[in-house]
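Below is one structure; the comments refer to it alone.
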Amino acid sequence: MSTSPFLRDFFRPPLWHDWGAGFVCQTRCEGLPDPRWGIWNSTLAQELGLSEIPTQEANVHFSGNGPQVPWCSAYAGHQFGQWAGLLGDGRAHTLGRDPAGNQEIQLKGAGMTPYSRRGDGRAVLRSSLREYLGSEAMAGLGIPTTRALALLTSSLPVRRETRETAAIVARVAPSFLRFGHVEHLAWHGFPAELKRLLDLLITFHYPAARHQPNPVLSVLEAVVERTAHLMAAWQSVGFCHGVMNTDNMSLLGLTLDYGPFAFLDRYDPQFIGNHSDQEGRYAYDQQPGIGAWNCAVLGSALSVLIDDEEGIQTVLGRYEPKFSTSLLSRFRRKLGWRKPLPEDPSLIESLLSLLHRNQVDFTRFFRFLAQDAVQAEPARLEDEAEFQGPSSWTEWVSAYRERCAQEESSTGVRAQGMRAANPKYVLRTYLAELAIRQAQQGDFAMARDLETVLRTPWDEHPEFSAWALAPPDWAGALTLSCSS
């Protein structure tokens, strides 16, 4: 099949394409047979200079059937706290960069690579659609993330827990470089490539580091800060990643690799999104600490280039205050507070304790509070049936009202800020499941509607208001694993 000269020449090599066999190789995709469009992200496509309408040429390229020979990279990492050795792009093929050179485009699920180990290099429709919707939901929330450009499906059978069908998601990011890339080059004896990796990061992503006394240490500090802010963002919207292995951590502070992720329904700080995580290492309340642990692993790997152990420890020590300050700031915005007061942390802590004890829906509660702020006669939390439980709200509500009275801004301004900080919609697990079930029957209508709603999750979207209700009872039986 002929291909458009524009698309054929669209992809520029990734910045790391010539770094040698210890880091990168080229390997052809195993394209999908009879590929069919699932979703095409027309908004992102236009940003990249692609057609708003999915074309047959785009179908060829993004289904892994194009003429280009993509690149795959090696990386290592710690999985569930244990050194896992060589890993790499087991089912990811980087087509290259867009013409502007700002974004890498990668196919996930286009077949085996030299790093597939015992895997088949394929992705199934279920996990591909979850990644597509999950990454776009996070982008809509304003949280740093990879993006999804396209989802293509096929009747090709793939065996997981059951027989499923194959799919490919085309994802986009300024870079897919991970903590695990640094670990691989540091611990497997590639100092020249590691130096080139840091030079690349400094040139294209952390240019201010070039002017610091120790540029590599400065990059570590920037990654630590971005990771701390990312963890605070996750916690503030009730997002649980599920598999925070170091090979799933972005050197740019992006949310990377959507597997068994979930947004909290009822607030439970010990919520475990990953059924495979039997010890709860990556539970919701453990994420901030794991972020710090992963940064420490990164610092250890970068010590190959940083001859300053004291400096590394000083930088790592800044993670906790950065995280705490960022999280407190986010919760202040959620509660409508602009002026920081010393009692804020204890009020927030007591609120979260009430949410937990009363088994309150996390997203719905904060959205209710935002709506409550605009009412002439505010509703009483004590009278809301869905918030009732073993613990009374009376004392906290009284303290909250007194705290809000100390704000200098008007009620209207406060309410507007709260609505902008508290989404009405998140990608609840049961919504993704319903979209998957329809897509498996060839119907992507719900998936496309979800994409639209999640792009602006703060808006009312009255025609989809049912998606903002508490999940049905059957949703509690849904489980997710590393194959999700």
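Based on what the data block shows, is residue 257 modelled with pLDDT under 95 and of a type in the set (Asp, Glu)? Outline the logic, then answer.
Values: modelled with pLDDT under 95: no; of a type in the set (Asp, Glu): yes.
No.
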Of (1) in contact with a strand residue (DSSP E or B) (Cβ under 9 Å, 6 or more places away or on another chain); (2) of a type in the set (S, T, N, Q); (3) modelled with pLDDT under 90, residue 429 satisfies every one except (3)
Positions within segment 453-478 being under 23 Å from the mean Cα position of the chain (by Cα), exposed (fewer than 14 other Cβ atoms within 10 Å of the Cβ) and part of a helix (DSSP H, G or I), in sequence order: 476
Considering only helices (runs of 4 or more DSSP H) wholly within segment 251-361, the ones with at least 1 residues that are within 30 Å of residue 425 (Cβ to Cβ), under 18 Å from the mean Cα position of the chain (by Cα) and among the small types (Gly, Ala, Ser) are 287-302, 319-335
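Would a scan of segment 205-218 turn up a residue that is over 10 Å from residue 302 (Cα atoms), of a type outside the set (D, E, K, R), in contact (Cβ under 8 Å) with a residue 60 or more places away in the chain and part of a helix (DSSP H, G or I)? Full working, then the answer.
Going through segment 205-218, the residues over 10 Å from residue 302 (Cα atoms) turn out to be 205-215, 218.
When the remaining residues are screened for being of a type outside the set (D, E, K, R), the result is 205-209, 211-215, 218.
Add one more test, that the residue is in contact (Cβ under 8 Å) with a residue 60 or more places away in the chain, and what stays is 214.
Remaining after also requiring part of a helix (DSSP H, G or I): none.
No, there is no match, as no residue in segment 205-218 is over 10 Å from residue 302 (Cα atoms), of a type outside the set (D, E, K, R), in contact (Cβ under 8 Å) with a residue 60 or more places away in the chain and part of a helix (DSSP H, G or I).
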What single numbered condition from (1) surrounded by 12 or more Cβ atoms within 10 Å (Cβ to Cβ); (2) in contact (Cβ under 8 Å) with a residue 24 or more places away in the chain fails to hold for residue 392? (2)
Which numbered condition trips up residue 104, out of (1) in contact with a strand residue (DSSP E or B) (Cβ under 7 Å, 6 or more places away or on another chain); (2) in contact (Cβ under 8 Å) with a residue 24 or more places away in the chain; (3) surrounded by fewer than 22 Cβ atoms within 10 Å (Cβ to Cβ)? (3)
Lone qualifier among 133, 156, 141 - being surrounded by fewer than 18 Cβ atoms within 10 Å (Cβ to Cβ), modelled with pLDDT of 95 or more and of a type in the set (A, V, I, L, M, F, W, C): 156
Starting from residues that are assigned to a helix (DSSP H, G or I) and among the basic types (Lys, Arg), keep the ones in segment 176-204 and report whichever is surrounded by the fewest Cβ atoms within 10 Å (Cβ to Cβ). 195
Consider residue 424 against the criteria (1) under 26 Å from residue 239 (Cβ atoms); (2) surrounded by fewer than 18 Cβ atoms within 10 Å (Cβ to Cβ); (3) touching a Ser or Thr at 6+ places or on another chain (Cβ under 9 Å): it satisfies all of them except one. Which criterion is unmet? (2)
Against the conditions (1) surrounded by 17 or more Cβ atoms within 10 Å (Cβ to Cβ); (2) touching a residue at least 24 places away in the same chain (Cβ under 8 Å); (3) not assigned by TED's automatic domain parsing to the domain that holds residue 229, where does residue 348 fall short? Just the number, please. (2)
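For residue 85, state whether it is at positive phi and free of Cβ contacts under 8 Å to residues at least 24 places away in the same chain.
Values: at positive phi: yes; free of Cβ contacts under 8 Å to residues at least 24 places away in the same chain: yes.
Yes: the conditions hold for residue 85.
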Kindly provide the set of residues from segment 107-126 that are assigned to a strand (DSSP E or B), among the aliphatic types (A, V, I, L, M) and out of contact with any Ser or Thr (no Cβ under 7 Å at 6 or more places or on another chain), ordered by number. 107, 110, 123
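Taking segment 61-90, which residues are within 14 Å of residue 28 (Cβ to Cβ) and out of contact with any helix residue (DSSP H, G or I) (no Cβ under 6 Å at 6 or more places or on another chain)? Spell out how you get there, then give the answer.
Taking segment 61-90 and keeping what is within 14 Å of residue 28 (Cβ to Cβ), we get 61, 63-72, 89.
Those that are within 14 Å of residue 28 (Cβ to Cβ) and out of contact with any helix residue (DSSP H, G or I) (no Cβ under 6 Å at 6 or more places or on another chain): 63, 64, 65, 67, 68, 69, 70, 71, 72, 89.
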May I ask you to verify whether residue 269 is at pLDDT 95 or above, outside the structural domain of residue 82 (by TED's automatic domain parsing) and farther than 23 Å from residue 176 by Cβ? yes
Would you point out which residue out of 432, 415 is assigned to a helix (DSSP H, G or I), surrounded by 21 or more Cβ atoms within 10 Å (Cβ to Cβ) and in contact (Cβ under 8 Å) with a residue 40 or more places away in the chain? 432
Any residue in segment 365-384 that is surrounded by 12 or more Cβ atoms within 10 Å (Cβ to Cβ) sitting within a Cβ distance under 8 Å of a residue that is of a type in the set (Val, Ile, Thr) and at pLDDT below 85? List the pairs, counting only those 6 or more apart or interchain. 373/411; 374/411
When residue 237 is run through (1) in contact with a Pro (Cβ under 8 Å, 6 or more places away or on another chain); (2) surrounded by fewer than 20 Cβ atoms within 10 Å (Cβ to Cβ), the failure sits at (2)
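The values are calculated or read from the model by the stated rules, or taken from the named source; none is laboratory data. Computed from a predicted model, the values in this text were never measured in an experiment. So basically every Cβ, Gly included, is an ideal-geometry build from the backbone, and we count neighbours across all protein chains shown.
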